[in-house]
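The values are calculated or read from the model by the stated rules, or taken from the named source; none is laboratory data. Everything numeric here is computed off the predicted structure, so don't read it as measured data. Note that we place each Cβ from the backbone using ideal geometry, even for glycine, and neighbour counts take in every protein chain shown.
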Amino acid sequence: MNIVAPSVLSMDFSDTKKSIEQLNNSNAKWIHFDVMDGVFVNNISFGTDILKGIKKSSDLIMDVHVMIQDPFKYAKDFIEAGANYYTFHYEAMKNDEKIIELANYVKATNTKVGLSIKPDTDVNKIEHLIKYFDLILVMSVQPGFGGQKFDERAVLKIQQIKKIINQLSMDILIEVDGGINYENGKKCREVGCDVLVAGSYIFKNDINEMVDSLL
């Protein structure tokens with residue numbers, strides 16, 4: 001499955017309407033929301049109001065990635081605001097029990113749930129948890145800021161996760177986020193990635209052309 005999820009973190013908020021219209025008319029299927037609290041990562045982005053506003057203007061899948069210290073606390077708010085996917089970080093949770101509890105909570109709302117790992121977190125840390133999720137997000141930059149260079153370790157992680165998913169015989173998507181462009185996006189797709197998140201690459205150029213280049 002080839003899905004492009006433009007990250008609104010890089011969108012031109014001085015002309016949001018135009019950017020959303022361009023996304024709606026492109027071949028992007030998802031819109032990616034990077035939510036940061038200034039605690040789990042050293043930056044603050046936006047909350048549910050931006051999600052609600054864009055949801056009113058687009059029928060694309062709302063892909064919410066929370067880089068926050070307490071993902072359980074805000075899950076209900078983002079789901080009610082329109083999240084189709086709610087992805088939280090392995091590193092933000094206290095233990096496996098809490099991870100599974102939150103995954104089950106999100107699924108009970110008929111929302112898809114994802115688990116994300118930072119570049120320094122090995123796949124073996126989450127291998128036993130993958131079966132509880134609809135999506136696994138591999139961070140190919142340190143979460144918190146846009147415009148970073150792609151971390152090549154992500155390619156091997158995608159391979160490893162794809163192998164686990166195949167062994168489970170489950171329908172679980174693999175997503176990658178951080179420094180994505182045509183070259184490394186192609187590498188990620190070739191080893192089993194389903195969803196490419198891109199921000200600067202898409203919004204600093206012609207949106208239609210850049211989305212198509214990643215498909």
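Please go through the range 186-200 and give me each residue that is closer than 16 Å to K149 by Cα, in contact with a helix residue (DSSP H, G or I) (Cβ under 8 Å, 6 or more places away or on another chain) and either among the small types (G, A, S) or buried (at least 24 other Cβ atoms within 10 Å of the Cβ) (or both), ordered by number. Scanning the range 186-200 gives C188, L196, A198, G199, S200. Restricting the range 158-178 to residues that are within 20 Å of F40 (Cβ to Cβ) and at pLDDT 95 or above leaves a set whose member that is surrounded by the most Cβ atoms within 10 Å (Cβ to Cβ) is V176. Residues of the range 86-100 that are polar (S, T, N, Q) and either assigned to a strand (DSSP E or B) or closer than 30 Å to S57 by Cα (or both): T87 alone. Taking the conditions exactly as written (closer than 22 Å to D206 by Cα, in contact with a helix residue (DSSP H, G or I) (Cβ under 8 Å, 6 or more places away or on another chain), of a type in the set (A, V, I, L, M, F, W, C) and at pLDDT 90 or above), does F33 satisfy them or not? Yes. Just for the range 194-211: of the residues that are outside any helix (DSSP H, G or I) and in contact with a Gly (Cβ under 8 Å, 6 or more places away or on another chain), which one is farthest from K112 (Cα to Cα)? Looking at the filtered set, the residue picked out is G199.
The requirement of being surrounded by 15 or more Cβ atoms within 10 Å (Cβ to Cβ) and not in a loop (DSSP other than H, G, I, E, B) is satisfied by A103.
Scanning the range 25-71 for residues that are without any contact (Cβ under 8 Å) to a residue 12 or more places away in the chain and among the basic types (K, R) turns up just one, K56.
In summary, A83 fulfils each of the numbered conditions (1) aliphatic (A, V, I, L, M); (2) in a loop (DSSP other than H, G, I, E, B); (3) farther than 19 Å from A103 by Cα with the single exception of condition (3).
Within the range 106-119, the residues that satisfy the criterion of being in a helix (DSSP H, G or I) and among the aliphatic types (A, V, I, L, M) are V106, A108. Cβ-Cβ contacts under 6 Å between residues 6 or more apart (or on different chains), taken from a first residue in the range 164-183 that is over 27 Å from I202 (Cβ atoms) to a second residue that is charged (D, E, K, R) and assigned to a helix (DSSP H, G or I), are listed as I164/E127; L168/K131. Scanning the range 120-143 for residues that are outside any helix (DSSP H, G or I) and surrounded by fewer than 18 Cβ atoms within 10 Å (Cβ to Cβ) yields a total of 4. Just so you know, in the range 9-58 the residues that are touching a Lys or Arg at 6+ places or on another chain (Cβ under 9 Å) and in a helix (DSSP H, G or I) include one that is surrounded by the most Cβ atoms within 10 Å (Cβ to Cβ), and it is S10.
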